[in-house]
Amino acid sequence: MNAPVKIETQPWRMSAAEASALILARKMSVEELTRSCLARIAERDADVKAWAWLDPDRAVRKARELDKVLIHAGPKSRLHGIPFGVKDMIDTAEMPTTNNSPIYAENQPSHDANVVRIMKAHGAFVLGKTDTVEFAAGGRKALTRNPHDFARTPGGSSSGSGAAVGDYQVPIAFGTQTGGSHIRPASFNGCYGIKPTHNTISWSGARHLSPTLDTLGWYGRSVDDLIMVAEAVRVWGIAELAPVSVAGLKVGFARTSNWVKAEPATVDAMERARSLLAAAGAIVTDLELPAPFSGLNDAQRVVMNGEGRVQFLPDYLQNYELLHEDFRKKVENAEGFTPAQLLAAWDLAAACRPVFDGLFGPDLDVILTPSSCGEAPFNPSETTGDAVMNSMWTLLHVPTVNIPGHTGPNGLPVGVTLAGPRLGDARLLAISKAVAPVIDPLAA
């Protein structure tokens, strides 16, 4: 009888891609991976508080069932047996979806969100629900703390998902972005994250704030993890993913009009990335976006609030006393946004999108830009940080990937963003896979 294969590292430390390779080779069971993740959560959750709902016994039962399927029917995909977290405003039929709101404290959806259904069809399973800012939009903060410093925020609104992956509690988790709710937590927690092209991943089953902006994304511990999920959701062009060389890669160094808010940690992260890429043979040049792009952050705010007043009207009418003041103000249009402002914001975004796409070609492969203003700020019960570095990209509908690797003066993660044109997600992931070992020491 063959001796059991020795696993050289704790399974909870593995990326989804590393764990998948062992599971498919029958060198590690789904149950081993799951129990290891649960042990990590048990050790850390009292401080990090990433999870809004978790049933360890249920998770082990599910893992055992997937081990049986693997033995008797074979793997459903590379995601077979991989546990993942789900932001608690994305519906799950087997677990509550509370939106971190007292209105939905007992809410049990009857159906999974489409993205959850897709992951299950590929053999992955929901480990639990991760905490979120209320409705992923404002109001109550998540209980989650930054795993690198419990006195700091993990970012919002995908607080629990970013922290759970960044703290090695689960290899993959889903988040959402309306302003900077997905990429900023990736930066603060030191994990990989992708916000794909808007409306290329089904939003069905997730709570809307702004249909023009709301975008589902996912976190992982490597670019390969992001690619595995991209394959499952059938990102355009992912089946033809071709390798990219850093040598000769044309990188646009985009400070954008938001650079005035870049803290020294982000300035250092950007300059470090520039130097490392140039040393690896990339051609890095300064890129100044056209003047109208400086108005995109303000336009994003108008769109978010202009569309948000419609989304919260039902709860305003039926659950006024339980609805947080933030959302009452949205419905009441307390800031006085006008139809003319909303039209102008929509039109500015529509005009800028093809201009941005047109920047890419023989002279530009990818844009390098900040993921956050700097290190995660203190007082997580009061702030989730500033989305200023992300909002314009969300409104432009373009794909962005956070690449970790830099640490600020307090030893906290500070990521950088790679951005590409709309529907260029597969190419962006290929570039990210090439760039990651250059920027991130853990990927080297």
### Query
Considering the chain as a Gaussian network with a 10 Å cut-off on Cα pairs, which listed residue, ALA376, ALA242, ALA151, attains the greatest mean-square fluctuation?
ALA242
### Query
Once whole DSSP H runs in the chain are found, which of them have Cα atoms spread over 15 Å or more along the helix axis and a mean Kyte-Doolittle score of at least 0.0?
264-279, 339-357, 425-439
### Max mean-square fluctuation residue, GNM over the chain, Cα-Cα springs under 10 Å, options LYS195, LYS68, LYS49
LYS68
### Message
Can you sort HIS80, HIS72, HIS406 from fewest to most other Cβ atoms within 10 Å of each residue's own Cβ?
### Response
HIS72, HIS80, HIS406
### Message
Given the -39500 (n - 2.57) contribution per DSSP H run of 4+ residues, what per-residue ellipticity at 222 nm results for the chain, rounded to the nearest 500 deg cm²/dmol?
### Response
-11500 deg cm²/dmol
## Note on the structure
Of the range 180-213, those with amide N under 17 Å from the point 7 Å along the Cα→Cβ vector of LEU241 are 192-197, 201
### Query
How many nm is it between the label spots at HIS72 and GLU332, if each spot is 7 Å from the Cα in line with the beta carbon?
5.9
### Query
Which residues does a label at ALA351 reach in the range 286-322, if reach means a backbone N under 15 Å from a point 7 Å past the Cα toward the Cβ?
290-300
#### Entry: Antiparallel bridges, percent of DSSP beta bridges restricted to the chain (to nearest 5)
65
#### Entry: Ascending count of other beta-carbon atoms within 10 Å, so fewest first, for TYR320, TYR168
TYR320, TYR168
#### Entry: Net dipole in debye of the range 295-444 [+1 Lys, Arg Cβ; -1 Asp, Glu Cβ; about Cα centre; nearest 20]
320
### Task
With only alpha-carbon atoms counted, please give the Rg and Dmax of the chain, in Å.
20.8, 75
#### Entry: Charge dipole magnitude, Cβ of K and R +1, D and E -1 - the range 87-131, Cα centre, debye nearest 20
180
### Task
Taking the Cα centre of the chain as origin, work out the dipole magnitude from +1 charges on Lys and Arg Cβ and -1 charges on Asp and Glu Cβ, in debye rounded to 20.
900
### Query
Which residue fluctuates the most in the chain, going by a Gaussian network model with Cα springs under 10 Å, if the choices are PRO380, PRO75, PRO413?
PRO75
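Please order VAL133, VAL414 by the number of other Cβ within 10 Å, starting at the fewest.
On the way: VAL133 26, VAL414 30.
Ordered from fewest to most neighbouring Cβ atoms within 10 Å, VAL133, VAL414 come out as VAL133, VAL414.
Each value in this text was obtained by applying a stated rule to the coordinates, not by laboratory testing. The shown structure was predicted, so the numbers you read here are calculated from the model rather than taken from an experiment. Every residue, glycine among them, receives a Cβ derived from its backbone with ideal geometry; neighbour counts consider all protein chains shown.
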